[in-house]
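Worksheet: the structure to be examined is printed underneath.
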Amino acid sequence: MKNLNKIFKWLMWALIIVSVVILVWGFAKGYPAVVGEGNDATVNVLLNWAYIMVGIAIFCVVVLGICVAAANNPKSLIKLLGGIVCACVLVIICYALAPASPAVGLTSATEPPTHAVLKMTDTIMLLTYVLGVAAILAIIVGEIVSAVRNK
């Protein structure tokens with residue numbers, strides 16, 4: 001286990017160093033004032049690296065969560081599966097409710113986004129709203145329950 005912690009520590013440092021190098025490179029080269037005017041290389045690299053980091057984070061949470069749950073308590077895998085199913089249902093509901101409204105305020109220099117892009121953007125916005133409200137409610141309910149139990 002000690003070797004595994006060292007591996008994770010070195011991987012974390014490597015990801016941080018690559019992130020800082022990409023960020024410094026972007027500032028040194030300069031970010032375009034308006035995206036779409038030719039020199040978008042810095043923005044594209046930064047966005048692609050962000051996608052990679054999010055993918056790594058999701059992979060680690062899901063895969064390592066499953067591995068730890070299976071090692072500590074195999075019955076907890078059922079709860080984990082239930083959570084994954086609930087998350088998938090929430091995404092499907094948000095996707096179904098997403099209106100794919102046309103983008104407002106785009107200049108004529110940019111091409112309008114496709115229906116699929118608008119649908120995905122609205123889905124992500126709905127998910128953000130729902131999960132933000134759920135987080136705030138969880139904090140409030142948790143504090144109330146904690147106050148009642150400590151009485």
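The values are calculated or read from the model by the stated rules, or taken from the named source; none is laboratory data. What you see is a predicted model, and the numbers here were worked out from it, not measured in a lab. A quick note on method: Cβ atoms are made from the backbone with ideal geometry, for glycine too, and the neighbour counts reach across all protein chains shown.
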- Query: Of THR110, THR123, which residue is modelled with pLDDT of 90 or more, on the phi < 0 side of the Ramachandran plot and of a type in the set (Ser, Thr, Tyr)?
  - Reply: THR123
- Item | Selected residue (only one of LEU80, LEU64 is under 30 Å from ASN5 (Cα atoms), assigned by TED's automatic domain parsing to the domain that holds PHE8 and either under 22 Å from the mean Cα position of the chain (by Cα) or touching a residue at least 12 places away in the same chain (Cβ under 8 Å) (or both)) | LEU64
- Task: Considering each of VAL54, VAL89, VAL68 in turn, give the residue that is part of a helix (DSSP H, G or I), over 23 Å from THR121 (Cα atoms) and of a type in the set (A, V, I, L, M).
- Result: VAL68
- Go over the candidates PRO74, PRO99 one by one and state the one that is at pLDDT 80 or above, over 23 Å from THR121 (Cα atoms) and not in a helix (DSSP H, G or I). PRO74
- Message: Can you confirm whether TYR51 is in the same structural domain as LEU23 (by TED's automatic domain parsing) and among the hydroxyl-bearing types (Ser, Thr, Tyr)?
- Response: yes
